[in-house]
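Right, one structure below, let's go through it.
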Amino acid sequence: NAGVTQTPKFQVLKTGQSMTLQCAQDMNHEYMSWYRQDPGMGLRLIHYSVGAGITDQGEVPNGYNVSRSTTEDFPLRLLSAAPSQTSVYFCASSYGFTGELFFGEGSRLTVL
Amino acid sequence: AQSVAQPEDQVNVAEGNPLTVKCTYSVSGNPYLFWYVQYPNRGLQFLLKYITGDNLVKGSYGFEAEFNKSQTSFHLKKPSALVSDSALYFCAVSPTSGTYKYIFGTGTRLKVLA
């Protein structure tokens, strides 16, 4: 059972480039989400989804897009990378309101 | 605004001593409460949660947490700390308002000294 799989683990971008962080889960969870972790700020919710075709914004959505075409996959797209998007990104999934989050191993992104 | 506070950036405790990592929250209604642990260069792992019922919740690796509604707190505790407990701990709240907008605290680094 792989759980939540994120790729890539590391990425370096130049300002203005675009990229997609991939996230896949094999637990049939309806809820999936993306967080960014920055020192001293904890985890902040970027976007989340409660099922295929349904997405919503979190606390810090600007500069990021998401889509949910299948239950398993929830990619995060950076449209035009900025240095302020340098961070560690985590994908997480859950089976419901009372369920705990299952996290991927993280993707460390550096924007130069 | 809804928020979760972890007032201590770092907690140091000697191995074998009891430990407490503090968490308070400001969320409307009756939220669901969670603790997660993060080891270096890893994702967060679930420790325990409070949904309803007994105020003392037991979780993984000997950890427990006490829910106090009047003080809006959910402190993490362990009777006897291990060096291997050294990690970053996060408190999180899931508001029961029908949204999935979990709110995380800023994290507390626990250092257990041998």
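Table for the structure above
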| read-out | value |
| --- | --- |
| Residue list for segment A:73-87, restricted to those being more than 12 Å from A:Thr7 (Cα to Cα) and free of Cβ contacts under 8 Å to residues at least 60 places away in the same chain | A:Arg77, A:Ser84, A:Gln85, A:Thr86, A:Ser87 |
| Selection status of B:Thr72, more than 14 Å from chain A (Cβ to nearest Cβ) and of a type in the set (Ser, Thr, Tyr) | yes |
| Hits in segment A:97-112 (condition: assigned to a loop (DSSP other than H, G, I, E, B) and either open to solvent by 10 Å² or more (accessible area, probe 1.4 Å) or modelled with pLDDT of 95 or more (or both)) | A:Phe97, A:Thr98, A:Glu100, A:Gly104, A:Glu105, A:Gly106, A:Leu112 |
| Matching residues, segment B:1-27, being assigned to a strand (DSSP E or B), within 12 Å of another protein chain (Cβ to nearest Cβ) and either surrounded by 14 or more Cβ atoms within 10 Å (Cβ to Cβ) or among the aliphatic types (A, V, I, L, M) (or both) | B:Val4, B:Ala5 |
| Top-ranked residue of segment A:72-89 - restricted to ones that are among the hydroxyl-bearing types (Ser, Thr, Tyr) and part of a strand (DSSP E or B), ranked as farthest from the other protein chains (Cβ to nearest Cβ) | A:Ser87 |
| Residue under evaluation B:Thr106, criteria (1) open to solvent by 30 Å² or more (accessible area, probe 1.4 Å); (2) within 13 Å of B:Ala5 (Cα to Cα); (3) not charged (D, E, K, R); (4) not in a loop (DSSP other than H, G, I, E, B), criterion not met | (4) |
| Of all residues making up segment B:11-45, the number that are hydrophobic (A, V, I, L, M, F, W, C) and under 10 Å from the mean Cα position of the chain (by Cα) | 6 |
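Let's see how each residue does on (1) open to solvent by 60 Å² or more (accessible area, probe 1.4 Å); (2) on the phi < 0 side of the Ramachandran plot; (3) part of a strand (DSSP E or B):
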| site | (1), (2), (3) |
| --- | --- |
| A:Gln17 | yes, yes, no |
| A:Thr20 | no, yes, yes |
| A:Thr70 | no, yes, no |
| A:Cys91 | no, yes, yes |
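Matching residues to (1) within 14 Å of chain A (Cβ to nearest Cβ); (2) in a helix (DSSP H, G or I); (3) among the β-branched types (Val, Ile, Thr); (4) under 20 Å from A:Asp38 (Cβ atoms):
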{"residue": "B:Gly29", "(1), (2), (3), (4)": "yes, no, no, no"}
{"residue": "B:Val37", "(1), (2), (3), (4)": "yes, no, yes, yes"}
{"residue": "B:Glu66", "(1), (2), (3), (4)": "no, no, no, no"}
{"residue": "B:Ser84", "(1), (2), (3), (4)": "no, yes, no, no"}
{"residue": "B:Val93", "(1), (2), (3), (4)": "yes, no, yes, yes"}
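The values are calculated or read from the model by the stated rules, or taken from the named source; none is laboratory data. Please read all numbers here as calculations on a predicted model, not as lab measurements. All Cβ positions, even for glycine, are placed from backbone atoms using ideal geometry, and neighbour counts span all protein chains on display. When the accessible area is computed, the model is the full protein with side chains, heavy atoms only, and any ligands, DNA or RNA have been set aside. Shrake-Rupley method; radii C 1.70, N 1.55, O 1.52, S 1.80 Å.
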